[in-house]
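This report refers to the structure that appears directly beneath it.
The values are calculated or read from the model by the stated rules, or taken from the named source; none is laboratory data. Only a predicted model underlies this, so the values are computations on that prediction, with no experimental measurement involved. Virtual Cβ from ideal backbone geometry, glycine too; neighbours counted across all protein chains shown. Accessible surface areas use protein heavy atoms only, side chains included; no ligands, DNA or RNA. Shrake-Rupley method; radii C 1.70, N 1.55, O 1.52, S 1.80 Å.
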Number of protein chains: 2
Amino acid sequence: MKKYVFGVDVGGTTIKMGLFDLNANVLEKWEIKSITANGGERILPDIAESVQNKLKELDIEEDEVAGIGIGVPGPVDAAGTIYKTANLGWDTVFNIPEAFQKYLNLPVMAGNDANVAALGEMWQGGGKGYKDLVVVTLGTGVGGGIICNGQMVTGAGGAAGEIGHIHVEDNETEECGCHNIGCLEQYASATGIARLARKRLAKDDADSVLRGREISAKSVFDAVKFGDKVAIEVAERFGEYLGKGLAAIAGVVNPEVFVIGGGVSKAGEILFEYIRPYYMQYAFRSCRDAAFALATLGNDAGIFGAAKLILDRV
Amino acid sequence: MKKYVFGVDVGGTTIKMGLFDLNANVLEKWEIKSITANGGERILPDIAESVQNKLKELDIEEDEVAGIGIGVPGPVDAAGTIYKTANLGWDTVFNIPEAFQKYLNLPVMAGNDANVAALGEMWQGGGKGYKDLVVVTLGTGVGGGIICNGQMVTGAGGAAGEIGHIHVEDNETEECGCHNIGCLEQYASATGIARLARKRLAKDDADSVLRGREISAKSVFDAVKFGDKVAIEVAERFGEYLGKGLAAIAGVVNPEVFVIGGGVSKAGEILFEYIRPYYMQYAFRSCRDAAFALATLGNDAGIFGAAKLILDRV
């Protein structure tokens, strides 16, 4: 009888692993190193070995394990095929579940880490109870995961949810890291918010608690909470760009809720005060009911979502 | 044994009906009137009666029918619940399959007409062979249908695919019909193309075969084929806006193909020459492989897609 499932979240430096029962309880959580040398050849066998060690340690039989879900930082399609990912040294196109069978003969499902994290937030996080959601990660960049009718959307080449490069400003002059101009990421990521703040401060000599401090998304939103007018102007611009971007997304998938995560989301629900009015302005009428919620699983979203990949098939 | 399926496409003036075998062959195609008076109370019973008449006429038993798929012009969620649609006089929220059982006890599935038409194009039209597609209808307005991994995306409130109101121009001054400013529909619909052409012609007195003629999407693209420079400028602007809008959509669902239908698509593959370069410019790297194809089912896309709704469940 199946009693357990593993959720694995592969990153460039560590691999997070979780052992769950079938009722969504995390029984154990640990990490192993991610060794990306030699084309990342050790990643899958290291995961297999760590799973086997855990089974031995806890005296669990292989046939009690429903499977292993794996999230990886790269484009993965619905069949678990990965289209290269420099982050892990993987430079070929291959099917992760098939490749994994060489090391351990258990059912495997794989997905892109952001998409898998979105599944985790739907299952046990900020999106719990919803079936149509968009999880937006505001970190160094802007990432996304799309869930439609309870199913993760991968896209043809595993690039669904790459919302950071949606064009949101026609009058931008600086380039995004992707070489386009006017991408959402240039305004709504942690680095984007800091960029907006630096540009605003340089514009004139208006008083601001931000002057002379390290400029970051955190210091900007701390200053907003303090009532700093310059910081509030920056938050308004952040909110307009993100609201406009989310409105475009809503025109495609009409989510019930936007779940906001990543480092920037630590500012809390105050973010919604700046995003929602612009979302309402730009969104098509029938999409304006969407709720806004904060992600709650933090760095564990990946292992939760990976476990859920398997549980959806049990 | 199940041998047949009905596909029904409900419009504001006529209801198109099709009888299919399970191998996608249309056996019969006919239309009945759409009577929207009295809150559209006759629409479902009229469909039921027409189905029963057809069964009698062809001597088909009810238990040989796998079901009836119905597409309607309004927001329908994954369960077949419709959220009001002025087009049919329906002013309450109700579940179409449940409501239909009162008149005829056969399995029913329902969906939004644009989404259902997209399913039809995937099944037997311009999107045949693809599983991740976006069907774009360029008519009086701009509509869309999204298919991810072979499944129709409805959205939480049935408004997925409402791509006509994605914001694509920050510097617009005229209002869209939805009261927003800078919507895709203002540039890429038949009326939008005519609007762009009229504005271009008014700008100066450059020679153009369009002068003194009726301005329409058709006359613009006819003039483009004739090499008319002013018309080509208009086509470039159309292509930029649509390319930019499709790039935003690609950042959400990463389709394998965009299938272009609606009246404007009668211009043919020449449209792609104007859309594709701008799509490539604005789309995120991993989404640039998307193909472009023309819709092929025309007005029959709806009955095909409606039949497919049932066949997916047989």
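Taking the range B:36-80 as the range and being acidic (D, E) and open to solvent by 30 Å² or more (accessible area, probe 1.4 Å) as the test, the residues that pass are B:E41, B:E49, B:E57, B:D59, B:E61, B:E62, B:D63, B:E64. Evaluation of B:T13 against the conditions (1) without any contact (Cβ under 8 Å) to a residue 24 or more places away in the chain; (2) farther than 19 Å from B:N112 by Cα; (3) open to solvent by 50 Å² or more (accessible area, probe 1.4 Å) shows that the sole unmet condition is (2).
Scanning the range B:83-106 for residues that are in contact with a helix residue (DSSP H, G or I) (Cβ under 7 Å, 6 or more places away or on another chain) and either open to solvent by 70 Å² or more (accessible area, probe 1.4 Å) or hydrophobic (A, V, I, L, M, F, W, C) (or both) returns B:L88, B:W90, B:D91, B:A99, B:F100, B:Y103, B:L104, B:L106.
Could you check, for the range A:117-130, whether at least one of its residues is part of a strand (DSSP E or B) and either surrounded by fewer than 22 Cβ atoms within 10 Å (Cβ to Cβ) or away from every other protein chain (no Cβ under 14 Å) (or both)?
No, the conditions are met nowhere in the range A:117-130.
Looking only at the range A:135-165, which residues are within 11 Å of another protein chain (Cβ to nearest Cβ), farther than 21 Å from A:A293 by Cβ and surrounded by fewer than 24 Cβ atoms within 10 Å (Cβ to Cβ)? The one that is within 11 Å of another protein chain (Cβ to nearest Cβ), farther than 21 Å from A:A293 by Cβ and surrounded by fewer than 24 Cβ atoms within 10 Å (Cβ to Cβ): A:G157.
The residues on offer are B:A190, B:A217, B:A156, B:A194, and the sole one that is under 30 Å from B:T81 (Cβ atoms) and in contact (Cβ under 8 Å) with a residue 12 or more places away in the chain is B:A156. A:E28 passes every criterion in (1) part of a loop (DSSP other than H, G, I, E, B); (2) touching a residue at least 12 places away in the same chain (Cβ under 8 Å) apart from (1). Of everything in the range B:166-186 that is among the polar types (S, T, N, Q) and more than 11 Å from chain A (Cβ to nearest Cβ), the residue that is surrounded by the fewest Cβ atoms within 10 Å (Cβ to Cβ) is B:T173. Take the residues of the range B:246-305 that are acidic (D, E) and at pLDDT 95 or above: which is nearest to A:E185 (Cα to Cα)? Top of the filtered list is B:E256.
The rows are residues; the columns are (1) closer than 17 Å to B:G164 by Cα; (2) without any contact (Cβ under 8 Å) to a residue 40 or more places away in the chain; (3) more than 14 Å from chain B (Cβ to nearest Cβ).
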| position | (1), (2), (3) |
| --- | --- |
| A:R211 | no, yes, yes |
| A:F221 | no, no, yes |
| A:V224 | no, no, yes |
| A:F238 | no, no, yes |
| A:G245 | yes, no, no |
| A:A250 | yes, no, no |
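Can you say whether A:A79 is part of a strand (DSSP E or B) and more than 20 Å from A:G11 (Cβ to Cβ), as far as the supplied structure shows?
Values: part of a strand (DSSP E or B): no; more than 20 Å from A:G11 (Cβ to Cβ): yes.
For A:A79, the condition - part of a strand (DSSP E or B) and more than 20 Å from A:G11 (Cβ to Cβ) - is not met.
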